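Down below is the structure, laid out as structure tokens.
The values are calculated or read from the model by the stated rules, or taken from the named source; none is laboratory data. As the structure is a prediction and not an experimental result, all values here were calculated from the model. Virtual Cβ from ideal backbone geometry, glycine too; neighbours counted across all protein chains shown.
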Amino acid sequence: MQRISSLIIKKLTSSLSRSEEAELQAWVDESDENRRLYERLTDPKALQETLALWQMVDTGRACRDMQHEVNRILWRSRLTRCISIAAIAICILAVAVLLPSRIDMSGRPEEVVAEAKGPQSVDDIKPGVTVAVLSHAAGHNVALNASDTAKVATVLLTETAPADDNAPRELCLDVPRGGEFKVQLEDGTEVWLNSASKLHYPDKFTGDMRKVRIEGEAYLAVATDSLRPFYVETDNQLIRVYGTAFNVRYYPEEAEVFTTLEKGRISLRRADDVGGEFFLTPGHQAVFGTADSRVNVREVNTDVVTSWRKGRFVFEDRALLRIMQDLSRWYDFDFEFADPSLQTEEFKGSIPRYSDFTTAIAILEKCGGIRFSVDDGKVIISRAVN
């Protein structure tokens with residue numbers, strides 16, 4: 001099948017030699033099933049329909065990475081329609097090999113028979129990579145990886161769906177679980193996005209202010225502009241930035257928004273303008289309760305809070321639940337506590353961010369009292385048995 005796949009791709013992208021053409025034709029003539037498969041793989045409309053179906057199925061991280069790469073090639077290289085079809089064919093051929101029971105290649109989509117399973121052992125869990133998807137309201141998007149920049153992607157998006165006027169376009173940079181990404185905004189501000197995070201921003205800032213919205217975790221080094229203040233919105237909190245570097249963390253499943261100032265000056269207030277405004281000084285963290293909108297300020301070690309950006313997970317007296325939330329987003333796995341009382345136990349330690357998961361859990365297990373296992377695709381945290 002691999003040989004035939006290569007011949008079909010070569011036929012779509014360039015040309016076959018006489019012997020290769022004969023070999024492919026011989027395979028097509030072997031059976032009606034082969035002929036139907038060949039016709040489907042070379043029919044643009046059918047390919048698009050099958051690809052749309054496949055995109056609704058979580059085929060696993062390897063397939064997702066492959067799709068990201070295909071999208072990147074399609075956008076950056078500006079390939080012709082024929083080569084675009086070939087790229088889609090590559091995806092479908094891979095799915096045909098990896099998931100033969102999930103998609104009926106004869107022309108009729110089959111119902112997905114089972115949910116995609118998670119890891120079967122801790123050895124299957126790998127660290128995250130540089131990956132994101134940039135999109136705008138027109139519905140167009142482009143997948144990015146370590147070799148891409150959001151600036152290049154923005155140009156491709158705006159060329160694909162040009163605006164009717166010179167108004168800024170609202171963009172969304174979406175970093176999935178198991179990913180991270182850095183973007184430089186039009187004004188020179190740099191934003192590092194952690195796993196499972198989104199940045200909503202315009203392709204260019206206009207007027208007398210600059211404003212972005214963040215879901216998840218981000219570290220920002222904001223470019224100074226005395227004429228245009230910079231604002232960051234998270235949930236019902238609005239941060240005004242006066243040229244500074246800080247970390248903000250807001251995950252909807254968590255009950256608090258954490259804003260940590262590394263240097264410079266920022267002020268915080270509710271986004272609905274209820275209540276007053278207060279200033280945060282370097283080395284302090286504001287904890288905003290999403291339920292009651294109350295704010296508590298405490299002194300913190302900013303190196304610990306921002307360690308994720310520098311390639312480490314560092315935790316000091318941190319609850320195991322919070323540690324597992326961070327690790328599960330980066331290593332992209334689901335977890336469960338066999339003993340719920342473990343969730344509140346606190347740990348101190350440091351884990352290399354790009355290490356294998358086995359290294360990460362070995363460090364936690366050495367802290368004492370816990371063990372990790374995998375059951376039905378989920379990581380189980382339990383007490384160690386002496």
Answer residue from segment 132-168, given it is modelled with pLDDT under 75 and β-branched (Val, Ile, Thr) and is nearest to HIS200 (Cα to Cα) among those | THR154
Could you say which residue among ASP235, ASP174, ASP187, ASP203 is modelled with pLDDT under 90, in contact with a Lys or Arg (Cβ under 8 Å, 6 or more places away or on another chain) and closer than 27 Å to LEU144 by Cα?
-> ASP203
Those residues that are charged (D, E, K, R) and within 22 Å of the chain's Cα centre (by Cα), I need them from segment 234-255; list them, please.
-> ASP235, ARG249, GLU253, GLU254
Scan the strands (runs of 3 or more DSSP E) fully inside segment 281-386 and keep the ones with 1 or more residues being surrounded by fewer than 17 Cβ atoms within 10 Å (Cβ to Cβ) and among the small types (Gly, Ala, Ser).
-> 284-289, 312-319, 346-352, 370-375, 378-383
Residues of segment 270-280 being farther than 20 Å from TYR219 by Cβ and surrounded by 17 or more Cβ atoms within 10 Å (Cβ to Cβ), which ones?
-> none
Only one of VAL241, VAL212, VAL222, VAL257 is touching a His at 6+ places or on another chain (Cβ under 7 Å) and among the β-branched types (Val, Ile, Thr), namely VAL212
Residues (assigned to a strand (DSSP E or B) and either among the acidic types (Asp, Glu) or surrounded by fewer than 21 Cβ atoms within 10 Å (Cβ to Cβ) (or both)) located in segment 170-191 = GLU170, CYS172, ASP174, GLU180, LYS182, GLN184, GLU190
Complete set of residues in segment 304-318 that are over 22 Å from VAL129 (Cα atoms) and within 25 Å of the chain's Cα centre (by Cα) = ARG318
Here the residues within segment 192-213 that are buried (at least 20 other Cβ atoms within 10 Å of the Cβ), part of a strand (DSSP E or B) and within 14 Å of the chain's Cα centre (by Cα) are TRP192, LEU193, SER197, LEU199
Would you please list the contacts, defined by Cβ atoms under 6 Å and residues six or more apart or on different chains, that run from a residue in segment 203-224 that is under 19 Å from LEU193 (Cα atoms) to a residue that is of a type in the set (A, V, I, L, M, F, W, C) and not in a strand (DSSP E or B)?
-> GLY216/ALA196
Qualifying residue in segment 250-264 (condition: over 24 Å from MET324 (Cα atoms), of a type in the set (D, E, K, R), in contact with a helix residue (DSSP H, G or I) (Cβ under 6 Å, 6 or more places away or on another chain) and touching a residue at least 24 places away in the same chain (Cβ under 8 Å)) = yes
